[in-house]
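Below: one structure, written as structure tokens.
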Amino acid sequence: MPDHVAPARTIPDALPVLRERGQHEVFCGLTGIMWLHRKIQDAFFLVIGSRTCAHLLQSAAGVMIFAEPRFATAILEEGDLAGLADAHDEIDRVVTRLLARRPEIRTLFLVGSCPSEVIKLDLSRAAERLSKSHGPAVRFVSYSGSGLETTFTQGEDACLASLLRGVSPAPSTAPTSLLVVGTLADPVEDGFRRTFDALGIPVHFFPPRRAWDLPEVGPGTAYLLAQPYLAETGSALDRLGARRLPAPFPFGAEGTRGWLAAAAQAFGVSAARFEEVVGPAERRAQAALAKIREGLAGKRVFLFPDSQLEIPLARFLHRELGMELLEVGTPYLQREHLAAELAMLPSSVVLSEGQDVERQLDRCRAARPDLVVCGLGLANPLEVEGITTKWSIELVFTPVHGFEHAADLANLFSRPLLRRARLKV
Amino acid sequence: MQLAVWTYEGPPHVGAMRVATGMKGVHFLLHAPQGDTYADLLFTMIERRRERPPVTYTTFAARDLGSDTAELFKTAAREAYERFRPELLLVGASCTAELIQDDPGGIASALGLPIPVVSLELSAYQRKENWGAAHTFYKIVRACCPATAQPRTERSRPRCNLLGPTALGFRHRDDVAEVTRLLDRLGVDVAVVAPLGASPRDLARLGDADFNVVMYPEIADSVARWLGKTFAQPMLAAPLGVNGTRTFCREVAALTGGDATAVIDESTCRLPWYSRSIDSTYLTRKQVFVFGDASHAIAAARIATEELGFEVIGLGTYSREFAREVREAAASYGVEALITDDHLAVEEHIAALHPELVLGTQMERHIAKRLGLPCAVISAPVHVQDYPARYSPQMGFEGANVLFDTWVHPLMMGLEEHLLAMFRDDFEFADDRGPSHLGASAPVAAPTPVAAAPVAAPAPAAAASDEPRWTEEAERELKKIPFFVRGKARRNTERFAREFGRTPITLETLYDAKAHFQA
Ligand code: SF4
Ligand code: SF4
């Protein structure tokens, strides 16, 4: 079935990468809680951190709804730093209080931060201890969202990997099924589920909407990454014997086709059936994209590192919307998972990993891009300098995957340019 | 450990950033991991500042911890100096850096940079944002302003300094403009505004002024005290409310040998007349709950009582540093002060008091929304809405106008309230109606029960056993009372019933209770 095979790969190592150290203008992994606490509905995220961590969550959430978040911070105080034994007692006290007030919690994530890591507060030990005293009604899992180890979306990676810890592999006799990995907006997930149903592929999504509904994972599992930032989760799945289906990521019509095709191929779906299911949606997406392309083709784009979505997005912007790529930054380059994506980038692209934000801004200003994709700290100041920006966090907080959202994704990039052209003030 | 979902104040280094960002010629080198850069967005998104804050984060990561975070700090300091060429370098540690004890101050001084280096001790595990701002402002002033008495320059008009405004302040920008205008009318020039807009060189001139206006004591108190001691400069409190502004004018006149009568008489302040206008009668003894930083909360309580005729039924602050002042103020209204930075405690308090109006912060705005109560914002923490495009000071005579509008607007208007009481069976007066002029922001019919709030949930009403029972008829009558006073009516009636052993509650009990509490 050569028809729906993912695009051929060249040697991605050929692309040179600019590696930088300096100030990173990025969020830490705690930020992932913003969407994880909405996605996993029976879980609560308790950050063991400082006032800074609490303030970060509050500020990042400032753009979001205030109502009843399923997260909180246990703020370390002077006394907690004195002795670790006392700090563990304090955790127990805080957790007991929390569970008394939120009896519906089924999984409690103890989330480590920079301060908890520096004082070597062992949260996995705390999780074990708490499991004994409060289990089995509540399960305790720990992971680190600290800025010392995780950048923005890597917090989700650490969280998902922690859920797989302690899972034993399903027997190899278990029937083969597909696991889609990475948080997706609910409408996107529902859409993909319908597509896989139509293709006759048995599918599970991870993370599940209830943390207890962990799918069986073992040698019979083929998994498809829905997000490009899941290095650790991928390794955990590999260890359980699951098999990763190499594919581009489902951004844009082309990426979505390649992504679905990888699954179709692995599950022996006929080319005819594949076209029947995928064709109409794909054509609809292409038609919608064609209109948006007019406003973007030939425009030059510069992407600052943020969510690790940058490389797949750059591929989409370049190949489907005709944009010229100046620099594509990523906080961390996971070559293996991104192989199919890297193969589709033009050889002229400048890739950068890590960041020295001042130098990168110098390069950005010198390149005079038509559009800059960057974080909230940089966007308005660049606008003041006359540079049009798209703030990147919206890419993580909006349904952008799959055929039905390809045009929405493209619009996120065209709207700032359109707006600038419209305004006469 | 303190369990927190939302906090009133950020960490102390955010206070330091507010000072550095407000000033000119200052750069702040913060020893911190990458994620702490989120703080930039407070300034670029919430305040919509046009430039990035002048802050460099050293961005140390796990791999640096074993080896050399100090070296990283050195490099960052050199590079930041080379690139930004500040007149003064501030250095400090975020919460994480405080734990690794690299001594940023020592390292930075050892570099021999040709500019003053001011090192901050931010105590991230004890202190908070306002304290951090006050500490930073004090340290910078001490570094820039020689303590030797400066000869006052000869000039025709007296001069004063305005102390306390920073970046990311609640209406600081407009307050500075308003107070400057007011002083000008009083024949006084402004020498230095600081930290907002001041350079280190400007701070050197702080002694060359006749007095200081302490606009925001949370930030400027320690500096003003030092200036007072060193240069014998008296300090004046901020002009908040009509009376506060009149007092301010008289005090300025007394200090400068001028006359404030004309300025007071000719003021364009509409609050006194609007408040006396019969239309405002319905404001009489409206029960308000006030919460905010200490200075705004104290002033709001005074203005609410004296200038709008409200009744203060609760007063509190999250500024523990000024707990004493708030307690004193609360005592004068016969209420006990609520001193806490736990918003869940504030929520419980408001729910129990059921005021007719909440004057608070963005946090109380959300709480009030959940409880279906009208609310106006009087203090930080700030939100993008607290940076309106229009001129909107809190201080001076124009500030008093703004306060009148902002506080009265969320309330039911007089006749509207009467109509609701007269025709409460009108289907359009259903419970989900807020003041009709508030459109979409009207309080929701069934405010999400407090129990739905995070860790919030005050233990569910398990204690319901000793609650008096209501007869069906009385319950029906209660439903006819407009929703915004119904909670209070219910509680009062139940209290009455318990006190006088009148259970179950009948129609009679309801009206007896009403009479009892009206007396
Ligand atoms: S970078 Fe570290 S200290 Fe800062 S908010 Fe993130 S986890 Fe907390
Ligand atoms: S909407 Fe009209 S009637 Fe109602 S309060 Fe406003 S002005 Fe009065």
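The values are calculated or read from the model by the stated rules, or taken from the named source; none is laboratory data. As the structure is a prediction and not an experimental result, all values here were calculated from the model. Cβ coordinates were reconstructed from backbone atoms using ideal geometry, including for glycine residues, and neighbour counts include every protein chain displayed. Heavy atoms of the whole protein, side chains included, go into the accessibility calculation; ligands, DNA and RNA do not. Shrake-Rupley method; radii C 1.70, N 1.55, O 1.52, S 1.80 Å.
Can you show me the helix-derived [θ] at 222 nm for chain B, built from DSSP H runs with n ≥ 4 at -39,500 (n - 2.57) apiece and divided by the number of residues, rounded to the nearest 500. Could you put the intermediate results ahead of the total?
Values: 21 runs with 225 residues, N = 519.
Helix contribution divided over all residues of chain B: -13000 deg cm²/dmol.
Using a probe of 1.4 angstrom, how much of the accessible area of chain A is carbon and sulfur, in percent? The partial results should precede the final answer.
Details: 8240 of 15600 Å².
With neighbouring chains kept in place, the figure for chain A is 53 percent.
Report the extension gain between residue B:71 and residue B:155 in nm, rounded to one decimal, defined as 0.36 nm multiplied by the number of residues separating them, less their alpha carbon distance.
25.1 nm
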ask   = Across 20 Å bins from the origin, how do the percents of Cα pairs in the protein assembly as shown run, short distances first?
value = 13, 39, 35, 12, 1
message = Quick query: amide H of residue A:205 versus all other amide H atoms, modeled in the peptide plane; which residues come in under 5 Å with a sequence gap of 5 or more or a different chain?
response = A:180
ask   = Say each of residue B:276 and residue A:214 gets a label point 7 Å from the Cα, pointing the same way as Cα to Cβ; how far apart are those two points in nm?
value = 7.4 nm
task = Take each of the peptides A:103-110, A:144-151, B:159-166, average the number of other beta-carbon atoms within 10 Å over its residues, and list them starting from the highest.
result = A:144-151, B:159-166, A:103-110
remark   = Ignoring ligands and nucleic acids, residue B:348 exposes an accessible area, probe 1.4 Å, in Å² to the nearest 10, of 80 Å²
ask   = Residue by residue through segment A:147-155, which ³J(HN,Hα) values in whole Hz follow from phi under the Karplus form 6.51 cos²θ - 1.76 cosθ + 1.60 (θ = phi - 60°), with glycine and proline marked x?
value = x, 6, 10, 10, 10, 6, 5, 5, x
task = Name the residues whose placed amide hydrogens come within less than 5 Å of the amide hydrogen of residue A:330, ignoring near sequence neighbours (fewer than 5 apart) on the same chain.
result = A:352, A:353, A:354
query = Taking the DSSP beta bridges in the protein assembly as shown as the whole, what percent of them are antiparallel, to the nearest 5?
reply = 5 percent
note = Rounded to the nearest 10, the angle in degrees between the Cα long axis of helix B:69-84 and the longest principal axis of the Cα atoms of chain B comes to 80 degrees
Largest-first ordering by accessible area, 1.4 Å probe, given options B:64, B:265, B:221 = B:265, B:221, B:64
ask   = Using a simple spin-label model with points 7 Å from Cα along the Cα→Cβ vector, what separation in nm is obtained for residue B:486 and residue A:17?
value = 6.2 nm
task = For segment B:153-168, just list the computed ³J(HN,Hα) in residue order, Karplus coefficients 6.51, -1.76 and 1.60, θ = phi - 60°, integers in Hz, with x standing in for Gly and Pro.
result = 5, 6, 7, 6, 10, x, 9, 9, 9, 9, 10, x, x, 9, 5, 6
request  = Please report the Cα spread of segment A:65-163 along all three principal axes, rounded to whole Å, starting with the longest.
outcome  = 32, 32, 28
inquiry  = How far apart, in nanometres, would the label points at residue A:129 and residue B:287 be if each is projected 7 angstrom from Cα along the Cα-to-Cβ direction?
reply    = 4.5 nm
remark   = The answer for the longest stretch of chain B without any exposed chymotrypsin sites (Phe, Trp or Tyr not before Pro) (DSSP loop, at most 15 further Cβ atoms within 10 Å) is B:1-390
ask   = To the nearest whole number, what is the average tally of beta carbon atoms from other chains within 10 Å of the beta carbons of peptide A:144-151?
value = 5
message = What figure, in Å² to the nearest 10, do you get for the accessible area of residue B:488 with a 1.4 Å probe and non-protein molecules left out?
response = 50 Å²
task = Could you tell me the accessible area of residue B:152 in Å² (1.4 Å probe, neighbours in place), rounded to the nearest ten?
result = 90 Å²
message = Let me confirm one metric for peptide A:70-76, namely the mean number of other chain beta-carbon atoms within 10 Å of its residues' beta-carbons.
response = 5
ask   = Fully extended, how many nm does the chain gain between residue B:262 and residue B:51 (0.36 nm per residue separation, minus their Cα-Cα distance)?
value = 71.8 nm
note = Residue-ordered couplings for segment B:275-288, obtained by feeding phi - 60° into the Karplus form 6.51 cos²θ - 1.76 cosθ + 1.60 and rounding to whole Hz (Gly and Pro as x), are 6, 7, 3, 4, 4, 8, 3, 5, 6, 4, 6, 4, 8, 10
ask   = Pairing the Cα long axis of helix B:362-371 with the longest principal axis of chain B, what angle in degrees results, from 0 to 90 and rounded to the nearest 10?
value = 20 degrees
ask   = Can you list the lysines whose alpha carbon is less than 27 Å from that of residue A:390, not counting same-chain residues fewer than 8 positions off?
value = A:39, A:291, A:299, A:424
Normalised contact order of chain B, rounded percent, pairs of Cα under 8 Å and 6 or more residues apart = 12 percent
message = I'd like the mean, over residues of B:43-49, of how many other protein chain beta carbons sit within 10 Å of each residue's own Cβ.
response = 4
task = Name the long-range amide H neighbours of residue B:236: under 5 Å, sequence gap of 5 or more, or other chain; modelled H, no Pro or chain starts.
result = B:212, B:213, B:214
key: For chain B, the Rg and Dmax computed from alpha carbons only, in angstrom   = 26.1, 83
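For every helix of n ≥ 4 consecutive DSSP H residues, a contribution of -39,500 (n - 2.57) applies; sum these over chain A, divide by its total residues, and give [θ] at 222 nm rounded to the nearest 500 deg cm²/dmol.
Here the helix-only value at 222 nm equals -13500 deg cm²/dmol.
Rounded to the nearest 100 Å², what is the buried accessible area between A and B, both sides summed, probe 1.4 Å?
On the way: alone 18390 and 24150 Å², together 36900 Å².
Summing both chains' loss of accessible area gives about 5600 Å².
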